Amino acid sequence: MSRIGRMPIAIPAGVTVTIAEDNKVTVKGPKGTLERVLPAEMTIKEEDGHIVVTRPSDLKKMKSLHGLTRTLIANMIHGVTEGYEKVLEVNGVGYRAAKQGKKLVLNLGYSHPVEMEDPEGIETVLDGQNKITVKGISKEKVGQYAAEIRDKRRPEPYKGKGIKYADEVIRRKVGKTGKK
C-alpha cells in the first residue's frame, strides 16, 4: 500500500470539498477556490471530515497515481487555507527589482529592464529592492512563476550574481589565478 496515498486528508474548518463526476475536485476556502480534474481511476470519497483516496489495483501506474492524487488534494486544501509563497533574492551590483502596478520590473545587467506581468491568482511582493516574494493559493503556479523569474538571470558560480531562491545554496567556484 502507498504510505502517502492511504493517509486520510483532514478537512479544516471553513473549507468545503466537492467531488464531481470524472474526479473533478473543487476546494473552497477562506483564500479562494481551486479546482482540478484528477486521474479517473482513483476513487475519492469524503468520510466524516476526511478525504480518502483508494486505488483499484496494484499495477505500478495505479500505485504512482495513488500517492500523487492524495498529495494534489492535500496541496489544494493547504493552498486555500494558508496559501503558498516562495522568496527570491536578487544579488549583484546594480541588480534590482521594482513593482509597477501588476508588473515586476527587473534590472539584471541587461541593456533593457525585464518586465514580467503577474499571472492570474499570483501576487509578487517586494521587500526592499532585492527580495521578491511570490504568493498564491496554487502550489504549482507559485513554483512555476518563481522559476520563470529566476530564469531571467540564474545565479552564477563565481560571484553569486543573479536571482536565487532564499533557501538555495550556490556552489561557488574559485576564479582564475594570475601567472607568476
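When you filter the GluC sites (Glu not before Pro) in region 1-100 for DSSP loop state and at most 15 other Cβ atoms inside 10 Å of their Cβ, you are left with Glu41, Glu82. Calculated mean residue ellipticity at 222 nm for the chain: -6500 deg cm²/dmol, from DSSP H runs with n ≥ 4 weighted as -39500 (n - 2.57), summed, divided by the residue count and rounded to 500. The slack between Lys60 and Ala98, meaning 0.36 nm per residue of separation minus the straight C-alpha distance, is 8.9 nm.
Ranking of Arg171, Arg6 by neighbouring Cβ atoms within 10 Å, starting from the fewest: Arg171, Arg6. Just rank Asp48, Asp118, fewest to most, by other beta-carbon atoms within 10 angstrom. Sorted ascending by nearby Cβ count, the order is Asp48, Asp118. Residue separation of Thr133 and Val105 scaled by 0.36 nm, minus their Cα-Cα distance, works out to 8.7 nm of gained length.
Which whole-number percent gives the relative contact order of the chain, counting Cα pairs below 8 Å spaced six or more residues apart?
Relative contact order, the chain: 18 percent.
Restricting region 81-151 to trypsin sites (Lys or Arg not before Pro) that sit in a DSSP loop and have at most 13 other Cβ atoms within 10 Å of their own Cβ leaves Lys102. Partner lysines whose Cα lies under 18 Å from the Cα of Lys176, excluding those fewer than 8 positions away in the same chain, are identified as Lys159, Lys161.
Label-to-label distance, Lys24 versus Val37, with points set 7 angstrom from Cα along the beta-carbon direction: 0.8 nm. For region 111-134 versus region 1-78, the spacing of their alpha-carbon centroids is 32 Å.
A short reminder: the numbers here are calculations on the coordinates, not readings from a lab. What you see is a predicted model, and the numbers here were worked out from it, not measured in a lab. Ideal geometry is used to build each Cβ from the backbone, glycine not excepted, and the neighbour counts take in all protein chains shown.
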